[in-house]
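The values are calculated or read from the model by the stated rules, or taken from the named source; none is laboratory data. None of the values given here were measured: they were computed from a predicted structure. All Cβ positions, glycine included, derive from the backbone under ideal geometry; neighbour counts span all protein chains shown. Ligands, DNA and RNA are excluded from the accessible area calculation, which covers all protein heavy atoms including side chains. Shrake-Rupley method; radii C 1.70, N 1.55, O 1.52, S 1.80 Å.
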Amino acid sequence: MPIDAKTETLGFQSEAKQLLKLMIHSLYSNKEIFLRELVSNATDAIDRLRFQAISEPALAAKNGEFRIRIELGTESQASKTSKKSTGKTTSPKKGAKKSKKKNRSTLTVSDNGIGMTREEAISNLGTIAKSGTTQFLESLTGDQQKDAQLIGQFGVGFYSSFIVADKVVVETRAAHSPPEEGVRWSSSGEADFEIETITREEPGTSVTLYLKSGESDFADAWRVRSIVKKYADHVSVPVIMQKSEPGDESESEEDEVLNTATALWTRSRGDISDEEYQEFYKHVSHDIQDPLIWSHNKVEGKLDYTSLLYIPSKAPFDLWYRESPRGLKLYVQRVFIMDEADQFLPLYLRFVRGVVDSSDLSLNISREILQSNATIDSMRTALTKRVLDMIAKLATKQSEKYQEFWNEFGQVLKEGPAEDFTNKEKIAKLLRFTTTVSEQAIQDQSLRDYIGRMQPEQKNIYYVAAENYHTAANSPHLEIFRKQGIEVLLLHDRIDEWLVNHLVEFDSKQFQDIARGALDLGGLEDTQTLDAKKNVEKESEDLMKRIKTLLGDRVEEVRVTHRLTDSPACLVVGEDAMGMQMRRILESAGQAVPAIKRTFEINPGHPLVAKLGAESDGDRFNDLTLVLFDQAKLAEGTQLEEPTSYVARLNKLLLELAE
């Protein structure tokens, strides 16, 4: 881009306008987060230049010692600095109103990192390219504290500057570009922004905030120091500011470093406070809330690496977007290599945040090499075990905290047994379910809890799967189990049936779907009960044949039920057939599933069935049978193919009953 490139005025995309309006008018609960975000962006820019300098050492030589500088001043001082960098004054925008603020306070955050070209400045600052922006706006609750917490998660931290500033000016130059290809971007946070080409001697970026009249305390040196110590003490790059003493307004030529400027994970665990761990988590995750738990570990021997892993207290907004960024920050010998290195943990642990710093990998390692590297495979195995052990420890020692974790990430963890066969048993111990002993839909019962309550002769872990908790808890298939005091798992997450198909067994106990195949309670039934069942089956043979003749190909078989005590009928899938809940999930996803015929089970002891058996009127027999057949579908959560026919038959029977 030539030096004489004209100044352009460009409009923000519509979503950016909404976001700016939000920042300016709504989020006042935690204003100081803007400085955390600007320092974090500056750190990322330096990390990226460090990585690029591995293959191009001249880039690092040009920039000298990496640092982040914070400068406090006034509008007139900022204007002089701007003139000095460009060699000219910038004409005010035609038609623009002159500001009534004579000499606003300013805060500038500068870095000597990777910098931006003109095109990158337009792309990164003028638009919001992230696909999650719409979801961000939809996620807003109107609660300032909660909404402020979303800023970092959605990658819109730069825009938080407008919480405290009514004008933001960014001056930048890409590390590869000559001085005459510097860029100035400026905006008042309204409908548009200006961008122009300037001469900038140093590569890197400076962000200057023209503070609002009521926000001048952010130009106070001691306030800024405290914020940097709070949010950026762990940043590995020195954050520098001009030294000053309390009550001393004279300017000092001496600089001071505001942070410890040491990579936190390289320090001994005993030297790091909980507060430091929590602030570092916020730095790497852009989350405003404290993490739930963390694990800091150094491995030496066959492998040599350090890991600092965090589990968030709340699930991120994009947890279910399988293409969303995930993974750990990768460092090699304390040199930043890449964000979102997803090769170190399996997909079902995608909520884990943190860093891994290896001494065994090459500095020029690429994502392609990470895909097929023996060292990476060994680290992945060890890190996965580390995370699962951390979660298991939480489950054992802090049950209430573990319930918080499960409520946020339980459904993701349920993906584990299918993805990670090696750790299937370890994951199974962490799973939580609702059962028939639960009083509400909360999943708080482990498989070990269930086995501990099993009846002495019970050989299987029984479960029923349904669309939601209430459908599962009221399933007619549960009736015999409730009567005999046998506990049943109530599976009401969409992933549950898929999960148990991969688990198969736990602690040598097979999982058994109580709505599948012929019910066999084994040693839980005595000889007298079994003999009574056979007698009922024999007595009901004629009725079963009449019903089968009517239903024809709509069912595989009609037989006497041994599951029901209170309901007249139910439907059962074959022993090897796909469960109905799994079919519903696949169908809702647009996948074709093979047609099946199910078994219609009848309860001869129910008054409606007794009336059906004694019915001599053929039409009435047919209507009552079809009503029972449709009711069995409704009870399990299946939609009727012809609901109007069901309603017509039911109304007809009710009218006859009323006469």
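Computed values, structure above
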| read-out | value |
| --- | --- |
| Filter result (surrounded by 19 or more Cβ atoms within 10 Å (Cβ to Cβ) and acidic (Asp, Glu)) within region 414-428 | Glu415 |
| Any hit, region 382-393, residues being crowded, with 17+ Cβ neighbours inside 10 Å and without any contact (Cβ under 8 Å) to a residue 60 or more places away in the chain | yes |
| Unique residue being touching a residue at least 24 places away in the same chain (Cβ under 8 Å) and in a helix (DSSP H, G or I) when the list is Ile427, Ile442, Ile461 | Ile427 |
| Check on Val257, under 33 Å from the mean Cα position of the chain (by Cα) and either closer than 25 Å to Lys329 by Cβ or surrounded by 14 or more Cβ atoms within 10 Å (Cβ to Cβ) (or both) | no |
| Looking only at region 429-443, and only at residues there that are under 21 Å from the mean Cα position of the chain (by Cα) and crowded, with 19+ Cβ neighbours inside 10 Å, the one that is nearest to Met390 (Cα to Cα) | Leu430 |
| Subset of region 306-318 [open to solvent by less than 10 Å² (accessible area, probe 1.4 Å) and touching a residue at least 60 places away in the same chain (Cβ under 8 Å)] | Ser307, Leu309, Ile311, Pro312 |
| Every residue from region 331-359 that is part of a strand (DSSP E or B) and modelled with pLDDT under 90 | Tyr331, Val332, Val335, Phe336, Ile337, Met338, Asp339, Glu340, Ala341 |
| In region 373-406, the residues that are over 20 Å from Ala428 (Cβ atoms), of a type in the set (Asp, Glu) and over 20 Å from the mean Cα position of the chain (by Cα) | Asp377, Glu400 |
| Tally, over region 545-588, of residues that are open to solvent by less than 20 Å² (accessible area, probe 1.4 Å) and more than 28 Å from Ile486 (Cα to Cα) | 3 |
| Tally, over region 582-606, of residues that are outside any loop (DSSP other than H, G, I, E, B), out of contact with any Cys (no Cβ under 7 Å at 6 or more places or on another chain) and either of a type in the set (Asp, Glu) or closer than 18 Å to Leu626 by Cβ (or both) | 5 |
| Pick from region 525-544, criterion open to solvent by less than 50 Å² (accessible area, probe 1.4 Å) and farther than 17 Å from Ile480 by Cα, ranking: nearest to the chain's Cα centre (by Cα) | Met544 |
| Neighbours by Cβ (under 8 Å, 6+ apart or cross-chain): first from region 620-640, within 14 Å of Arg598 (Cβ to Cβ) and surrounded by fewer than 20 Cβ atoms within 10 Å (Cβ to Cβ); second among the polar types (S, T, N, Q) and modelled with pLDDT of 95 or more | none |
| Leading residue by the ranking (nearest to Arg104 (Cα to Cα)) among those in region 156-203 that are in a loop (DSSP other than H, G, I, E, B) and of a type in the set (Ser, Thr, Tyr) | Ser188 |
| In region 65-81, residue nearest to Val39 (Cα to Cα) [restricted to those that are assigned to a loop (DSSP other than H, G, I, E, B) and at pLDDT 90 or above] | Arg67 |
| Single residue of Lys84, Lys62, Lys101 found to be of a type outside the set (Val, Ile, Thr), assigned to a helix (DSSP H, G or I) and at pLDDT below 60 | Lys84 |
| The listed residue being among the polar types (S, T, N, Q), within 17 Å of Ile514 (Cβ to Cβ) and modelled with pLDDT under 90, out of Thr565, Thr638, Thr599 | Thr638 |
| Where Asp271 falls short, out of the listed (1) touching a helix residue (DSSP H, G or I) at 6+ places or on another chain (Cβ under 9 Å); (2) open to solvent by 30 Å² or more (accessible area, probe 1.4 Å) | (1) |
| All positions within region 444-497 that are of a type in the set (Phe, Trp, Tyr) and surrounded by fewer than 21 Cβ atoms within 10 Å (Cβ to Cβ) | Tyr469 |
| Members of region 611-631 found to be hydroxyl-bearing (Ser, Thr, Tyr) and either touching a helix residue (DSSP H, G or I) at 6+ places or on another chain (Cβ under 9 Å) or in a helix (DSSP H, G or I) (or both), listed by number | Thr625 |
| Breaking point among (1) open to solvent by 30 Å² or more (accessible area, probe 1.4 Å); (2) touching a residue at least 40 places away in the same chain (Cβ under 8 Å); (3) in contact with a helix residue (DSSP H, G or I) (Cβ under 8 Å, 6 or more places away or on another chain), for Arg223 | (2) |
| Criterion violated by Phe511 - all others in (1) open to solvent by 70 Å² or more (accessible area, probe 1.4 Å); (2) more than 23 Å from Arg559 (Cα to Cα) satisfied | (1) |
